[in-house]
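*Asks:* Here's a structure for you.
Read-outs: derived from the displayed coordinates by stated rules, not from any lab. All values derive from a computational prediction rather than experimental measurement. As a convention, Cβ positions derive from the backbone with ideal geometry for all residues, glycine included, and neighbour counts pool all protein chains shown.
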Amino acid sequence: MTLAVDIRHRQGEFELDLRFETGGGLVALFGPSGSGKTSLVNLIAGLLRPDEGSIVVDGRVLADTATGVFVPRHRRRIGYVFQDARLFPHMTVAQNLRYGRWFAPRAERYADFDRIVELLGIDHLLERRPGRLSGGERQRVAIGRALLASPLLVLMDEPLASLDDARKAEIMPYLERMRDETKIPIVYVSHSVAEVARLATDIVVLDNGKVAASGLTSQILQRLDLLPEEERGEGGAVLEMEIAAHEAAFGMSLLKSALGELRIAGVNTPVGEHVRVRIRAKDILIATERPRGLSALNIIAGTIVGIRSGGAFADVALNCGGEEVAARITRQSCDMLGLAAGQSVFAVIKAVSLDGANTWQGFDGAGVRERIVGEG
């Protein structure tokens, strides 16, 4: 899926001026409140008409002011999942789900009811009404309704924002399954580094109505300067690594990639499969000599490729075996060690920092869209 946006649009005193093109499974629109994320998804959905410019999804022109094209929202084949589920309270879950099917012409319906229900784990909820569901259950039903419309694209506007941490943890695996198994392109709005690190293939960073940067998740989250100050330590490397072995005696797993080897608390993923690992910048120590007598199990050789200093902190970019890693240390430590670009160093990473909040099932390359296709 390619999404090409080139628009200018004013709402009161706020102006959007956006130009970018992305391709991938799940594109995250990331930025602080008021940066223009929701306005952009409303433009893509057809809820707003741009003042100037164009929006093109996979070669299909949804809006182009130069030629007068504006596809009405009901003909765009776009599923929209809001912050709140917006289910019909007088309908059962099954009735809410089937409502979505009416938005796709019969000949173009590809989503199968039973397979969507299985994908989202909601078969036991079908006879309930929304008032008897938890927040996470309501959001899963809202996602199912969007998928059953057989959309060409799904928009998700901060779907986890209204949920507590327990409900977020409940729904995350279902979002991963949706991303990997349906192969339907998704535009996902969030201001959470943890969410986009886990879910996104590409990120578009918005700031005050403009595009600050766009690219692969692994590239953008290394740019700590693009993140809000309070979130910069949460940024860092996002790597796909292979399970090389399980060390049952210690309850650990060994991962391998071009970076080298990492030991983490044991995961249930079989040997040979892949996991996605976030190494947060704030979890890395830098040593100028290989340390000895440390409890930290992960010591990775690397070369400094750049240093960005500001305030009390220094953000150090490292190349470790061809993989990019970012470390956030104090500016005082950087000065004491005499760190400079081109210097060989060691990145020290505690295994306990690579916990379940930072290690996830990798992308399922074998997942196919046919997993949700039925007779229509």
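*Asks:* By count of other Cβ within 10 Å, fewest leading, how are Leu120, Leu221 ordered?
*Replies:* Taking fewest neighbouring Cβ atoms as first place, the list is Leu120, Leu221.
*Asks:* To continue, here is another question. How many nm separate the modelled label positions at Asn268 and Met252, each set 7 Å beyond the Cα in the direction of the Cβ?
*Replies:* Going from the Asn268 label point to the Met252 one covers 2.3 nm.
*Asks:* A follow-up question, please. I need the phi-derived Karplus couplings for segment 101-106: 6.51 cos²θ - 1.76 cosθ + 1.60, θ = phi - 60°, integer Hz, Gly and Pro marked x.
*Replies:* After applying 6.51 cos²θ - 1.76 cosθ + 1.60, I find 5, 5, 8, 10, x, 3 Hz.
*Asks:* Only loop residues by DSSP count here, and only those with at most 10 other Cβ atoms within 10 Å; note down the GluC sites (Glu not before Pro) in segment 74-181 that meet that.
*Replies:* Glu127
*Asks:* From the phi of every residue in segment 258-272, what ³J(HN,Hα) in whole Hz does the Karplus formula 6.51 cos²θ - 1.76 cosθ + 1.60 yield, where θ is phi - 60° and glycine or proline is x?
*Replies:* The phi angles translate into 4, 4, x, 10, 10, 10, 9, 4, x, 10, 8, 6, x, 4, x Hz.
*Asks:* Also: For Leu153, list long-range residues whose amide hydrogen, built 1.01 Å from N in the peptide plane, is under 5 Å from its own amide hydrogen.
*Replies:* Under 5 Å from the amide H of Leu153: Gly79.
*Asks:* Still on this structure: Going by Cα centres, segment 133-182 and segment 189-226 are how many Å apart?
*Replies:* Cα centroid of segment 133-182 versus Cα centroid of segment 189-226: 20 Å apart.
*Asks:* Within a 10 angstrom radius of the beta carbon, how do Thr67, Thr269, Thr303 rank from fewest other beta carbons to most?
*Replies:* Thr67, Thr303, Thr269
*Asks:* Among Asp315, Asp283, which comes first, then next, by fewest other beta-carbon atoms within 10 Å?
*Replies:* Fewest-to-most Cβ neighbours within 10 Å comes out as Asp283, Asp315.
*Asks:* A follow-up question, please. For the chain, what is the calculated [θ] at 222 nm in deg cm²/dmol (nearest 500), taking -39500 (n - 2.57) for each run of four or more DSSP H residues and dividing by its residue count?
*Replies:* -5000 deg cm²/dmol
*Asks:* With everything on Cα atoms, drop me the angle between helix 165-177 and the longest principal axis of the chain, reported from 0 to 90° to the nearest 10.
*Replies:* 80
*Asks:* So for the chain, Kirkwood radius off the Cα pairs, Stokes-Einstein at 4 °C and 1.567 mPa s: how many µm² s⁻¹?
*Replies:* It diffuses with D of about 58 µm²/s by this estimate.
*Asks:* Treating the Cα atoms of segment 154-252 as identical point scatterers in vacuum, please give the log10 of the normalised Debye intensity I(q)/I(0) at q = 0.15, 0.18 Å⁻¹, two decimals.
*Replies:* The Debye formula, applied to the Cα set alone, gives -0.73, -0.99.
*Asks:* Per-residue HN-Hα couplings for segment 118-126, Karplus 6.51 cos²θ - 1.76 cosθ + 1.60 at θ = phi - 60°, whole Hz, x for Gly and Pro?
*Replies:* Calculated HN-Hα couplings, in order: 5, 4, 9, x, 10, 4, 7, 9, 4 Hz.
*Asks:* Running Debye on segment 236-361 with equal point scatterers at the Cα sites and no solvent, what base-10 log of I(q)/I(0) appears at q = 0.22 Å⁻¹?
*Replies:* -1.27
*Asks:* Here's a follow-up. Any chance you could count the Lys pairs in the chain whose alpha carbons are under 21 Å apart, treating pairs 8 or more apart or on different chains as valid?
*Replies:* Final tally of qualifying lysine pairs is 4.
*Asks:* Please report the net charge: other residues with Cβ closer than 13 Å to the Cβ of Phe14, K and R +1, D and E -1.
*Replies:* -1
*Asks:* Calculate, for Asn319 and Glu242, the FRET efficiency according to 1/(1 + (r/R0)^6) with r their C-beta to C-beta distance and R0 25 Å; round to the nearest 0.05.
*Replies:* 0.80
*Asks:* Could you give the length gained on full extension between Asp164 and Asp58, defined as 0.36 nm per residue of separation minus the Cα-Cα distance, in nm?
*Replies:* That works out to 34.6 nm of additional length.
*Asks:* Using a 10 angstrom cutoff on alpha carbons, build the Gaussian network for the chain and name the most mobile of Gly79, Gly342, Gly302.
*Replies:* Gly342
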